[in-house]
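Please treat every number below as a calculation from the coordinates, not as lab data. Not measured: the values here are computed from a predicted model. Neighbour counts run over all protein chains shown; Cβ positions are idealised from the backbone, glycine included.
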Amino acid sequence: MHMGIGREAAIQGARHLPDARAGFLFRPGRELDYHHRDVPRQKELLRETFAGMHPEVDRWLDELERTTAFYFDAITQLQLDSWSRGRVALVGDAGYCPGPAVGGSTSLAVLGAYVLAGELAAAGGDHRRAYPAYEEEMRVLVQRSRAFARGVARTLIPTSALASGRWWPARACCPPCPPR
Ligand SMILES: Cc1cc2nc3c(=O)[nH]c(=O)nc-3n(C[C@H](O)[C@H](O)[C@H](O)COP(=O)(O)OP(=O)(O)OC[C@H]3O[C@@H](n4cnc5c(N)ncnc54)[C@H](O)[C@@H]3O)c2cc1C
């Protein structure tokens, strides 16, 4: 992982996966100008933001042209008054995503599906009773997860040199602590 002010880049692999995944997180100082289907523009924005950060990061950026899997989005939260209308109910990200990698979104999605199924069964399939009960059961947990996610999102990307870890090498030069 390489961290800088307003940006961080990381790569990860796992034993059971044949490839590695690179992640680039940044906090732009302005509203980004791109269309959600314009992948070349999205890659250009990444290069503009991360080029020259570190030789390793530059090497990861080179892979942008070769990768078959590319995902680019903003970390946002949708605000909905209700998760259902008529017979249609929303579960998981569609209704109440806290944000990727910041608030246990997968757990909420799985739990939401479980609670909804339980309420439908308890109401004998009557969605007019099941949907409000599902919202009632999930509301506090969702609110807490989303509040937690907003807090994590604020600190996820360093806003200062201290937070970005630039002082760590200086600390590493200190003599080792005496044994207690
Ligand atoms: C980069 C990234 C990192 C993340 N990291 C984490 C993490 O570390 N921990 C965590 O808990 N969560 C993480 N998340 C979030 C997690 O992936 C989601 O919260 C979770 O997948 C939500 O599940 P879901 O079933 O609600 O939605 P999804 O997983 O999005 O499932 C929705 C499905 O519906 C399909 N679909 C869409 N439209 C239609 C249609 N019209 N017809 C039929 N099918 C359709 C989609 O193809 C998709 O398969 C991350 C997300 C991203 C993007």
*Within region 1-46, strands (runs of 3 or more DSSP E) holding 1 or more residues that are within 15 Å of the ligand (Cβ to nearest atom) and without any contact (Cβ under 8 Å) to a residue 60 or more places away in the chain*: 7-13, 20-26
_In region 102-144, residue surrounded by the most Cβ atoms within 10 Å (Cβ to Cβ) [restricted to those that are more than 16 Å from the ligand (Cβ to nearest atom) and among the basic types (Lys, Arg)]_ = 129
*Provide a single number: the residues in region 48-59 that are in a helix (DSSP H, G or I) and within 15 Å of residue 26 (Cβ to Cβ).*
4
